[in-house]
Amino acid sequence: MTAQTRDTSAMDRFKSVLKRYSLKATPQRLAVHEAMLSLGHASADQVREWLADHGGTRVTVASVYNILTQMSLLGVYTHRFSSNNKMYFDVNNFKHVHLYDTVNNEFKDVMDEEILEMVESRIRSKRYRGYKVDGVDIQIICHPTVKKSSVTR
């Protein structure tokens, strides 16, 4: 499957979700989703910056944040806070592990079914008095072993 086909089908699925919730496929929503497909994990500021760099639809940071939050509430994206108190959104809403870089405040996906199954299996065998477990969210906290070059930033 080509990147163009993948992007088209991802955008079609996004439009279907909007329609299911009686939301319009506005240029702003479509632009934000396109940015998220490209970025994977991003804050509202990063999405706004991506939109500015790639031309097209103009969207304020506040509108970007509102769209990202709304899509997160609908289950299109997930969200998490970083140690710099920013909300980051994740276009991948399936089960996976995150690597969190505390130096650059970046999230990376780690596909490790074995670790997920191991932790979920252990959790299923436990009882937590007064609580019902809704899910497991694994985040591996790390820092880079090599400094980023100022040219790449």
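The values are calculated or read from the model by the stated rules, or taken from the named source; none is laboratory data. The structure presented is a predicted model; accordingly, all values stated were derived computationally and were not measured. Neighbour counts run over all protein chains shown; Cβ positions are idealised from the backbone, glycine included. We work out accessible area using only protein heavy atoms, side chains counted, and drop any ligands, DNA or RNA first. Shrake-Rupley method; radii C 1.70, N 1.55, O 1.52, S 1.80 Å.
Under a straight-distance cross-link criterion of Cα-Cα below 15 Å, which aspartates and glutamates are reachable from Lys126, leaving out those fewer than 8 residues away in the same chain?
Within the straight-line limit of under 15 Å, Lys126 reaches these aspartates and glutamates: Glu117, Asp134.
In terms of Cα to Cα distance under 20 Å, which lysines are near enough to Lys24, apart from those fewer than 8 places away along the same chain?
Candidates past the 8-residue exclusion: Lys15.
Is the chain rounded, prolate or oblate when judged by the Cα gyration tensor, a ≥ b ≥ c being the square roots of its eigenvalues, rounded requiring a/c under 1.5 and prolate requiring a/b larger than b/c?
oblate
Is segment 78-135 rounded, prolate or oblate when judged by the Cα gyration tensor, a ≥ b ≥ c being the square roots of its eigenvalues, rounded requiring a/c under 1.5 and prolate requiring a/b larger than b/c?
Verdict is prolate for segment 78-135.
In nm, to one decimal, how far is the Ser63 label point from the Asn93 one, both placed 7 Å along Cα→Cβ?
Here the answer is 2.3 nm between the modelled labels.
Which loop-located chymotrypsin sites (Phe, Trp or Tyr not before Pro) does segment 50-104 contain, where loop means any DSSP state but H, G, I, E or B and the Cβ has at most 10 other Cβ atoms within 10 Å? Don't skip to the end; give the middle numbers.
Numbers: sites: Trp50, Tyr65, Tyr77, Phe81, Tyr88, Phe89, Phe94, Tyr100; in loops: Tyr77, Phe94.
Taking segment 50-104 and a limit of 10 other Cβ atoms within 10 Å, the loop chymotrypsin sites (Phe, Trp or Tyr not before Pro) found are Phe94.
Please give the FRET efficiency for Val146 paired with Glu120, using the beta carbon to beta carbon distance and R0 = 35 Å, rounded to the nearest 0.05.
0.60
When the Karplus curve 6.51 cos²θ - 1.76 cosθ + 1.60 is applied with θ = phi - 60°, which whole-Hz ³J(HN,Hα) does each residue of segment 120-125 get, with x for Gly and Pro?
Each residue's phi maps through the Karplus curve to give 4, 4, 5, 5, 4, 7 Hz.
Provide the gained length on full extension for the span Lys19 to Asp134, in nm with one decimal, where the gain is 0.36 nm per separating residue minus the Cα-Cα distance.
On the way: separation 115, 0.36 × 115 = 41.40 nm, distance 2.78 nm.
Contour length minus Cα-Cα distance gives 38.6 nm.
Dipole size in debye (nearest 20) for the chain around its Cα centre, Lys and Arg Cβ +1, Asp and Glu Cβ -1?
Details: 22 positive and 17 negative charges, 109 e Å.
For this selection, approximately 520 debye.
For the chain, set up a GNM with springs between Cα atoms under 10 Å and report which of Lys95, Lys126, Lys19 has the largest fluctuation.
Lys126
In a GNM of the chain with a 10 Å cut-off on Cα contacts, which of Arg13, Arg48, Arg122 has the highest mean-square fluctuation?
In this elastic network of the chain, the residue with the biggest mean-square fluctuation among Arg13, Arg48, Arg122 is Arg122.
Taking all protein chains as present, what is the carbon and sulfur share of the accessible area of the chain, in % to the nearest whole number, probe 1.4 Å?
Using a 1.4 Å probe with all protein chains present, the chain comes out at 53 percent carbon and sulfur.
Give the lysines whose C-alpha is closer than 24 Å to that of Lys132, dropping any in the same chain fewer than 8 places away, or say none.
Lys95
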